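Encoded as structure tokens, the structure appears first; notes follow it.
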Amino acid sequence: MTTGRMQIRRKPTRGSYELADALAVLCEGLFGHLAFIQDDHPYCIPMVHGMVDETLYLHGSAASRACRIAGSGAPLCFTVTLADGVVVAKSMVNSSLNYRSCVVMGAGRPVTDPDEITVAYHAVVDSLIPGRSGDVRAPTDRELKKTAFLAMTLDEFSVKARHGGPVEEAEDVGLPHWSGVVPARIVFGAAEPAMDGQGPVPPYLDPYVRPDGGNRS
Ligand SMILES: Cc1cc2nc3c(=O)[nH]c(=O)nc-3n(C[C@H](O)[C@H](O)[C@H](O)COP(=O)(O)OP(=O)(O)OC[C@H]3O[C@@H](n4cnc5c(N)ncnc54)[C@H](O)[C@@H]3O)c2cc1C
């Protein structure tokens, strides 16, 4: 759903309010930024997230300010951005980035039901390390007490993407400056063991692969 405050005004043709487009960005993104206001001041804090259908889960220390405020029903904004390329134009004004980004707004809901906490924890861990939640020690009660979980539903979101080469002014096309695109990708290396004698790297880390939201060109 889109609302007035989610309306992309500049270059609206780059915008989308389709759930599938939002999920593609949110599932591919390794982390996002949670924005909230405290004492009339905006804060924007990086956090990992996990997706289950149309619910976005966040977690953190129950003592952290971001989790306390996010769980209080305060208005939140969570943004995930994927950088796909550096756009090298002939002019300063047209120098840009190729990207896909998703903005989600709404109030955070504290997750307190034990079954939903399990779902949320698995989602966040699997988002960070795809395939890991079935192959890791479960949290203790003490760890769970110290951890806060929050849910945001995708009721209000917007997606924006820029693809392609530089857009030049007509009078700039003949200028001698090089122009083009430098593609950008996150590259994950081979998994490095923390200690000797652990046996082979688990299949889900060999290689480490993230969901691919596609459409980078
Ligand atoms: C990595 C990156 C770098 C950027 N760098 C610049 C820059 O240097 N200068 C610049 O002017 N713009 C930049 N943009 C674009 C910027 O995000 C805004 O789209 C732009 O400022 C125009 O916003 P607006 O005035 O249309 O909307 P605003 O009034 O700012 O926002 C209205 C609503 O539009 C939606 N929206 C706006 N932008 C996005 C977005 N990117 N993704 C999803 N939803 C969005 C939100 O729901 C927001 O509530 C960048 C975008 C990305 C992803």
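The values are calculated or read from the model by the stated rules, or taken from the named source; none is laboratory data. Worth saying up front: this structure is predicted, and the values here are computed from it rather than measured. Neighbour counts are summed over all protein chains in view; Cβ atoms, including those assigned to glycine, are modelled from backbone coordinates with ideal geometry. Side chains included, ligands, DNA and RNA excluded: accessible areas come from the protein's heavy atoms. Shrake-Rupley method; radii C 1.70, N 1.55, O 1.52, S 1.80 Å.
Brief remarks follow.
- Virtual spin-label span in nm between Arg142 and Ala184, 7 Å along Cα→Cβ: 4.2
- Stretchable slack from Cys44 to Met6, in nm (0.36 nm times residue separation minus alpha-carbon distance): 11.9 nm
- Distance (nanometres) between label positions extended 7 Å along Cα→Cβ at Ala20 and Tyr208: 3.0
- Accessible area of the chain divided out per residue, in Å², using a probe of 1.4 angstrom: 59
- With all protein chains in place and a 1.4 Å probe, the accessible surface of the range 6-154 carries 58 percent carbon and sulfur.
- Förster radius 25 Å - calculated FRET efficiency between Phe31 and Val88 (Cβ-Cβ, nearest 0.05): 0.40
- Global dimensions of the chain from alpha-carbon coordinates: Rg and Dmax equal 20.1, 67 Å.
- Ligands, DNA and RNA excluded, the heavy atoms of His122 present near 80 Å² of accessible surface to a 1.4 Å solvent probe.
- Full extension of the chain between Val167 and Thr153 yields a length gain of 1.5 nm, computed as 0.36 nm times the residue separation minus the alpha carbon distance.
- Percent RCO, i.e. relative contact order, over the chain, from Cα pairs under 8 Å lying at least 6 residues apart: 28
- Between 0 and 90 degrees, the angle of helix 114-128 with respect to the longest Cα principal axis of the chain falls at about 40 degrees.
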